[in-house]
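Chemist: My structure is below; once you've seen it, I'll send some questions.
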Amino acid sequence: MDRGRYTMPSREASSDRPGRLTEVPEEAWYRRPMPDGSKEGEAGDRVARDVVDSLLEGCQVIGFDWRYLYVNDAVVQHGQRAREALLGRTMMECYPGIDETPMFATLRRCMLERTHERLENEFTFPDGSTGFFELRFLPVVNGVCVLSMDITERKRSEAALARSEEQLRHAQKMEAVGRLAGGVAHDFNNLLSVVLSYTGLMLSNLPKEHPHHPDLHEIQRAGLRAAELTRQLLTFSRHRVVQPAVVDLNQLVGSMHRMIARLLGPGVEVAVLAGAHLGRVKADAGQLEQVLMNLVVNARDAMPRGGKLTIQTGDVELDEEYARQHLGVTPGLYVKLVVTDTGTGMDRATQAHIFEPFFTTKAPGHGTGLGLATVFGIVQQSGGHVWVYSEPGVGTTFKVYLPHARGGDDAQPAPSKLAAEPTGALATGTILLVEDDEYVRASTRNVLRRAGYEVLEAASAAEALRVAEGYEPAIDMLLTDVVLPRMTGPQLADRLRATRPGLPVLFMSGYTDEAIVEHGILEAGLAYIEKPITVDLLTRRVREVLQNPGSRS
Ligand SMILES: Nc1ncnc2c1ncn2[C@@H]1O[C@H](COP(=O)(O)OP(=O)(O)OP(=O)(O)O)[C@@H](O)[C@H]1O
Ligand SMILES: [Mg+2]
C-alpha cells in the first residue's frame, strides 16, 4: 500500500490551474451531477443516496475531468469544505497542489487504467489538525469513486504502542546495565577495601621521610578516586544506601544558588523560577544536590560561549493520560525540578544513550559519562522520573519529577554524620567481625587490631554464632557485612542480641538490595558504614558506635 501526505490549503482556494481536461476520451464522460431539486429517478436511488450520504466512511465521485460529481456528508466534514464549494469544481481548484501528490498519482492510475487502488494518506486540514485516512479508489462508470476511512485513532494508538515499547526496551536496557554496573561495583568495592586499608596501614606505619611514602600516597589517591567511581556506579544501579528525609526543593535550590552562579561564570545568565507553595519530597538531600549539580555542570559544558540557564520548580499533577504515555509513571502529585539551557542541544541518537553509565561525547579526560547515570539512579530511587527534551542548536531541558512526600513522612532533617574526636590513644574493646570476603575480612581485621581492638573473626553468620557462643568475655561490638550467605547481617544481629542484649552493631556494605534499603537498616536507623572501607572511616565509625551504642547514626 502506498503512503502519502497532503496539506490542505487554509482558504477555500481556487487554483489558477483548473486541471488538464483529461487524458480520457470524451465518449467516456458521464453526465454532470443533477442539480439539487431535479428529478431523482426511482425511489430506490433516493434510499441508496441517503444511505451513502450518511455513511461514516467518506464517499466521493470524481469525474474524468477531475471535477467533484458527488460528495457525501463525511467528505464535507473531513475536508472542512462546504458541499457547494466542491461540487462541479475540479480537485485542483479546490485543493491547489493536490495533483502533485502521490495520492493523486494513485487516483490518476485508477482513472486511466481502471484499476482498484488503496492508499494511506496523512492530511493536514485547513485548521492545522492532522488526520490519517485509508483511501480506496474504485473505477466507476462516471469516473472514480473514492472511499475514505478515518484511521487517525488507530494510527495514534499504534504510535503510542510503539512509543511505550520503545520506553520498555529502554527501561529494560537501563535495568540490565544497572545490574552489570552494580555487580562490578560491588566486587570492586571489596577489592578497594583491601587496597585502601593496607595502604592506609602502611602509610601510618612508615615515617614521612621514607622514600616509599609518596608512592604509597599516590596509590591511596588512585584508590580513593576509584572508590568515588564505584560510588557513582552504585548510585546509578540504585544499590546505595540513602538517607531519605523530607526535603523542600526550593530551599535546596536556594542554598545552592551562589555556588551555581560561581560554577557557571559570568557568561551564563541564571534565572531561578521557584514555584509557590511547593510540596515536599522525600529524598536524600545530598543526592538531590548532586542531581542539580550534575545537570548544571552539563548545561555549562553545553554553553561554552555563554547563554542562559533556567532552574524552575513547581508542583504538578501527572494524570492518568500522562501515565499512559510514560511507562512506569504512577499518576499523582509531583514536584518538578526543571533545568533548561540554551546550549548546543542533542540529536535523537545522543538522547537515546545519555543516561547510560560511561556514555559521553566529551573529549577524553573531560567527562566520564557518569553524571546523568547518577541523576537517573537517584531519581529512580526516589520514586521519580527524569525526561529530556532537546533540539540541536537550540538547547536542552531536563525535567525531574519527584513524588510528593506522604502526609506521614515527618519533617526531620537527615541525621548528620558527626565525627567523633580522634583520641590518639589506643582503643580497647572486642569486636566480632563477620565478613564473607576473605581479603576484606583480613584487611578490616588488620585495621582494627592496629587501632587497638581485639578482633574475633567469622566468615559467615553461622560461624559468628559459634564463635560468640564459645567466647565467655564480653563482646563490645558486632561489625558485620549486611549481605551474607544464608543469614543476613541484621538477622545475625538479632540472634546475637538474644544472648547478649544491647550488643552494639555496625553494619557494613557497599551494596544492598532494595529490600534491605527499604525495610532493613535504614528504617531501623542502624549504624552503617559504606564500602570501600578506609582506615579513617572504619576507625571513626567503630569509635562512634562504641561510645554511643544507642545512636541512630
Ligand atoms: N545540557 C546538555 N546539553 C547538551 N548535551 C548534554 C547535556 N547534558 C548531557 N549532554 C550529553 O550527554 C552526555 C552524557 O552526560 P553525562 O553528564 O552523563 O556525562 P558527561 O557530562 O559527559 O561526563 P561526567 O558528567 O561524568 O563528567 C554528555 O557527554 C553530552 O553529550
Ligand atoms: Mg556530566
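The values are calculated or read from the model by the stated rules, or taken from the named source; none is laboratory data. Note that the structure is predicted; figures quoted are calculated from it, not measured. With ideal geometry, Cβ positions are generated from the backbone for all residues, glycine too; neighbour counts draw on all protein chains shown. Remember, those area values only see protein heavy atoms, side chains included, never the ligands or the DNA or RNA. Shrake-Rupley method; radii C 1.70, N 1.55, O 1.52, S 1.80 Å.
Chemist: Just checking, how many residues over region 62-90 are open to solvent by less than 10 Å² (accessible area, probe 1.4 Å), among the small types (G, A, S) and part of a loop (DSSP other than H, G, I, E, B)?
Modeler: 1
Chemist: Here's another thing I want to ask about it. Which of (1) open to solvent by less than 30 Å² (accessible area, probe 1.4 Å); (2) within 15 Å of ligand 2 (Cβ to nearest atom) is the odd one out, the single condition H353 does not satisfy?
Modeler: Evaluating H353 over (1) open to solvent by less than 30 Å² (accessible area, probe 1.4 Å); (2) within 15 Å of ligand 2 (Cβ to nearest atom) leaves (1) as the failure.
Chemist: Here's something else I'd like to know. Report, by residue number, each residue of region 479-491 that is open to solvent by less than 20 Å² (accessible area, probe 1.4 Å) and touching a helix residue (DSSP H, G or I) at 6+ places or on another chain (Cβ under 6 Å). If you could, list the steps in order and put the result at the bottom.
Modeler: Step one: list which residues in region 479-491 are open to solvent by less than 20 Å² (accessible area, probe 1.4 Å), which gives 479-482, 484, 489.
T480, D481, V482, L484, listed by residue number.
Chemist: Within region 401-455, work out how many residues are modelled with pLDDT of 75 or more, open to solvent by 70 Å² or more (accessible area, probe 1.4 Å) and under 23 Å from L288 (Cα atoms).
Modeler: Of the residues in region 401-455, 1 are modelled with pLDDT of 75 or more, open to solvent by 70 Å² or more (accessible area, probe 1.4 Å) and under 23 Å from L288 (Cα atoms).
Chemist: A further question on this structure: Kindly list the number of the only condition in (1) in contact with a strand residue (DSSP E or B) (Cβ under 9 Å, 6 or more places away or on another chain); (2) part of a helix (DSSP H, G or I); (3) open to solvent by less than 30 Å² (accessible area, probe 1.4 Å) that fails for C145.
Modeler: Condition (2) is where C145 drops out.
Chemist: Further question on the same structure: Please verify whether Q232 is within 16 Å of ligand 2 (Cβ to nearest atom), buried (at least 16 other Cβ atoms within 10 Å of the Cβ) and at pLDDT below 90, treating the condition exactly as stated.
Modeler: yes
Okay, residues lined up against (1) closer than 30 Å to R156 by Cβ; (2) outside any strand (DSSP E or B):
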{"residue": "K308", "(1), (2)": "no, no"}
{"residue": "T313", "(1), (2)": "no, no"}
{"residue": "L327", "(1), (2)": "yes, yes"}
{"residue": "G345", "(1), (2)": "yes, yes"}
{"residue": "F358", "(1), (2)": "no, yes"}
{"residue": "A363", "(1), (2)": "no, yes"}
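Chemist: Any residue at all in region 470-492 that is basic (K, R) and modelled with pLDDT of 90 or more?
Modeler: no
Chemist: Has region 282-297 got at least one residue that is more than 15 Å from ligand 1 (Cβ to nearest atom) and part of a strand (DSSP E or B)?
Modeler: Yes: region 282-297 contains one or more residues that are more than 15 Å from ligand 1 (Cβ to nearest atom) and part of a strand (DSSP E or B).
Chemist: Moving on. Go through region 280-292 and give me each residue that's under 19 Å from W387 (Cβ atoms) and either away from ligand 2 (no atom under 16 Å from the Cβ) or more than 17 Å from the chain's Cα centre (by Cα) (or both).
Modeler: Restricting attention to region 280-292, the residues satisfying the condition of being under 19 Å from W387 (Cβ atoms) are 281, 283, 287-288, 290-292.
Scanning region 280-292 gives V281, A283, L288.
Chemist: Which condition does L372 not pass, out of (1) within 16 Å of ligand 2 (Cβ to nearest atom); (2) outside any loop (DSSP other than H, G, I, E, B); (3) free of Cβ contacts under 8 Å to residues at least 60 places away in the same chain, if it passes all the others?
Modeler: (3)
Chemist: Here is a follow-up. Specify the residue that is farthest from ligand 1 (Cβ to nearest atom); the eligible residues are those in region 316-331 that are in contact with a strand residue (DSSP E or B) (Cβ under 6 Å, 6 or more places away or on another chain) and either open to solvent by 40 Å² or more (accessible area, probe 1.4 Å) or of a type outside the set (A, V, I, L, M) (or both).
Modeler: By that ranking, first place goes to P331.
Chemist: Can I ask one more? Take F104 and tell me if it is open to solvent by less than 40 Å² (accessible area, probe 1.4 Å) and either in contact (Cβ under 8 Å) with a residue 60 or more places away in the chain or not assigned by TED's automatic domain parsing to the domain that holds T7 (or both).
Modeler: Details: open to solvent by less than 40 Å² (accessible area, probe 1.4 Å): yes; either in contact (Cβ under 8 Å) with a residue 60 or more places away in the chain or not assigned by TED's automatic domain parsing to the domain that holds T7 (or both): no.
No.
Chemist: Step by step: first the residues of region 360-400, then only those that are farther than 24 Å from A181 by Cα and buried (at least 16 other Cβ atoms within 10 Å of the Cβ), then the one that is nearest to ligand 1 (Cβ to nearest atom). Which residue is that?
Modeler: For region 360-400, the residue satisfying everything is T396.
Chemist: From the residues in region 244-266 that are part of a loop (DSSP other than H, G, I, E, B) and in contact with a Lys or Arg (Cβ under 9 Å, 6 or more places away or on another chain), which one is most open to solvent (accessible area, probe 1.4 Å)?
Modeler: P244
Chemist: Which residue, of D187, D150, is touching a residue at least 40 places away in the same chain (Cβ under 8 Å) and open to solvent by 50 Å² or more (accessible area, probe 1.4 Å)?
Modeler: D150
Chemist: Can I ask one more? Answer yes or no as to whether V253 is β-branched (V, I, T), over 30 Å from T344 (Cα atoms) and away from ligand 2 (no atom under 16 Å from the Cβ).
Modeler: no
Chemist: Has region 304-313 got at least one residue that is assigned by TED's automatic domain parsing to the domain that holds G395, within 11 Å of ligand 1 (Cβ to nearest atom) and buried (at least 18 other Cβ atoms within 10 Å of the Cβ)?
Modeler: Yes, there is a match, as at least one residue in region 304-313 is assigned by TED's automatic domain parsing to the domain that holds G395, within 11 Å of ligand 1 (Cβ to nearest atom) and buried (at least 18 other Cβ atoms within 10 Å of the Cβ).
Chemist: Would you confirm whether any residue within region 502-510 is modelled with pLDDT of 90 or more, outside any loop (DSSP other than H, G, I, E, B) and assigned by TED's automatic domain parsing to the domain that holds R541?
Modeler: yes
Chemist: State which residue is nearest to ligand 2 (Cβ to nearest atom) when the search covers only region 332-350 and only residues that are in contact (Cβ under 8 Å) with a residue 12 or more places away in the chain, open to solvent by 30 Å² or more (accessible area, probe 1.4 Å) and of a type in the set (D, E, K, R).
Modeler: The selected residue is D347.
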